[in-house]
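The values are calculated or read from the model by the stated rules, or taken from the named source; none is laboratory data. Since the model is a prediction, treat every value here as computed from it, not as a measurement. Don't worry about glycine lacking a Cβ; one is built from the backbone with ideal geometry, like all the others, and counts go over all protein chains shown. These area figures cover heavy atoms from the full protein model, side chains too; ligands, DNA and RNA do not enter into them. Shrake-Rupley method; radii C 1.70, N 1.55, O 1.52, S 1.80 Å.
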There are 2 protein chains.
Amino acid sequence: MSGILRRSWRPSLSWARSASRLTPRILCTHVGAGSGGRSSGEVLRSPPEDIPYTVKGLKHISIAVPDLATAAEHYRCVLGAQVSAPVDQLEEGVKVVYVKLPNVAIELLHPVEASSTVAKFLEKNPSGGIHHLCFAVDDLNSASRYIEDLGVERMKNDHLLNQQQPALNLHPKDTMGVHVQLQQAN
Amino acid sequence: MSGILRRSWRPSLSWARSASRLTPRILCTHVGAGSGGRSSGEVLRSPPEDIPYTVKGLKHISIAVPDLATAAEHYRCVLGAQVSAPVDQLEEGVKVVYVKLPNVAIELLHPVEASSTVAKFLEKNPSGGIHHLCFAVDDLNSASRYIEDLGVERMKNDHLLNQQQPALNLHPKDTMGVHVQLQQAN
């Protein structure tokens, strides 16, 4: 970090309005950007050192599917994955098939309640699609406070999702159209 | 496998037409399903033993974004990731920011050519979204033949994508709404 002027910072979220849409702008005004801090093509810029939590990695990819048996057979027969039998997750109004690939866990979600978020997702995406990416963090409470300070919007039904496993659900409008979920790492 | 009757099999793809959509049905008629072969809640069903390739794992998640700088800052400042500077991938008509998280690689894609698949994706999804999941396989040629036999449709512009790095691009209508890409493992 030597040679890089640092100052106190506060990430801020503002909005650039275009004719057709709102574009979120999350601006790190942080000058020093961890080790390196440059942006040449070869150098990775590190995250700000002040983030009070660490993302440990991708926990799972959740995919909403209109037909759970077909989806399970697809992942078993085309992608060569191990798949579970359907498991009820009644608190979320879905059945889940767990798909095990060498370095990634996939959850295939099918709604059993019309009020579930997955049912609503399938109304908009009847062929199915990626519902959310879930990342594990080492300190979910710190992440919650930080993200609230940052002004990133959370899903309206955040408290409804994963009652057994608390989670932050960031609104896709603030996360480039991707529903990003954060869960406490095991 | 003892005690499980096996017979020759051929995966087949048929279609169940509903009022609102076509639902792909990929049916493994394979009786023995690798080790286990049962479908109780606790047991993972293994893939058919006859698949002539192995999926080594998730290679990357590609996310189309309307604003590359904002997206990069989001992944750096909210998810604490290392991010690269934008890199041209002119053969695909995009600029890419590589995002490095502990166990997953993410590619943020922004179009520089209106004819690119990513530009067309953003026309339909102006806020951005997950463009495709890329899995690494140990034998892409075998995968190609097998998937063709299976009848899974490939993207029309398959040959245009990843000219430097050959890839199979499975059509989302046959993969539960998810654009699945297969690439040769390194």
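B:Arg145 contributes an accessible area of around 140 Å² to the protein surface, as traced by a 1.4 Å probe with all chains present. In a DSSP loop and with at most 13 other Cβ atoms within 10 Å, there are no GluC sites (Glu not before Pro) in segment B:68-105.
Normalising the average separation of contacting C-alpha pairs (under 8 angstrom, six or more residues apart) by the number of residues puts the relative contact order of segment A:80-171 at 18 percent. Ranked from largest to smallest solvent-accessible area, with a 1.4 Å probe on the protein heavy atoms, B:Lys173, A:Lys156 come out as A:Lys156, B:Lys173. Neighbouring Cβ atoms from other chains, within 10 Å of the Cβ of residues in B:64-76, number 6 on average.
Placing pseudo-labels 7 Å out from each Cα toward the beta carbon at A:Glu123 and B:Asp139 gives an inter-label distance of 4.7 nm. The mean number of partner chain beta-carbon atoms within 10 angstrom of a residue's beta-carbon across peptide A:111-118 is 0.
Can you compute the equivalent ellipsoid semi-axes for segment B:68-115, i.e. the square root of 5 times each eigenvalue of the Cα gyration tensor, sorted largest first and rounded to whole Å?
In descending order, the three semi-axes are 21, 11, 7 Å.
Placing pseudo-labels 7 Å out from each Cα toward the beta carbon at B:Gln165 and A:Thr54 gives an inter-label distance of 2.7 nm. Counting Lys and Arg as +1 and Asp and Glu as -1 over every other residue whose Cβ lies under 15 Å from the Cβ of B:Glu107, the net charge comes to +1.
Taking loop as defined by DSSP and a crowding limit of 15 other beta carbons within 10 Å, which trypsin sites (Lys or Arg not before Pro) in segment A:70-107 fit?
none
Sequence-ordered 3J(HN,Hα) estimates for segment A:97-106 from the Karplus curve with 6.51, -1.76 and 1.60 and θ = phi - 60° stand at 10, 8, 10, 10, 10, x, 10, 8, 9, 10 Hz, glycine and proline given as x.
When A:His179, A:His171 are compared by accessible area of protein heavy atoms, the largest-first order is A:His171, A:His179, using a 1.4 Å probe. When the inverse distances between all different Cα atoms of segment A:62-156 are averaged and flipped, the Kirkwood radius reads 14.7 angstrom. Database remark: amide H of B:Leu101 closer than 5 angstrom to the amide H of B:Ile106 (H placed geometrically; neighbours at sequence offset of 5 or more, or on other chains; Pro and chain starts carry no H).
Here's how it looks for A:Val43: its modeled amide H is under 5 Å from those of B:Ala85, which are all 5 or more places away or on a different chain. Karplus-derived 3J(HN,Hα) values for segment A:137-153, using 6.51 cos²θ - 1.76 cosθ + 1.60 with θ = phi - 60°, are 10, 7, 8, 5, 5, 5, 4, 4, 5, 4, 5, 5, 4, 5, x, 6, 6 Hz; glycine and proline are entered as x.
Counting only protein heavy atoms and using a 1.4 Å probe, the accessible area of A:Glu148 comes to about 130 Å². Peptide B:172-182 shows a mean partner chain C-beta count of 6 within 10 Å per residue C-beta. Placing A:Thr175, A:Thr54 in order of accessible area, with the largest value first and a 1.4 Å probe, yields A:Thr54, A:Thr175.
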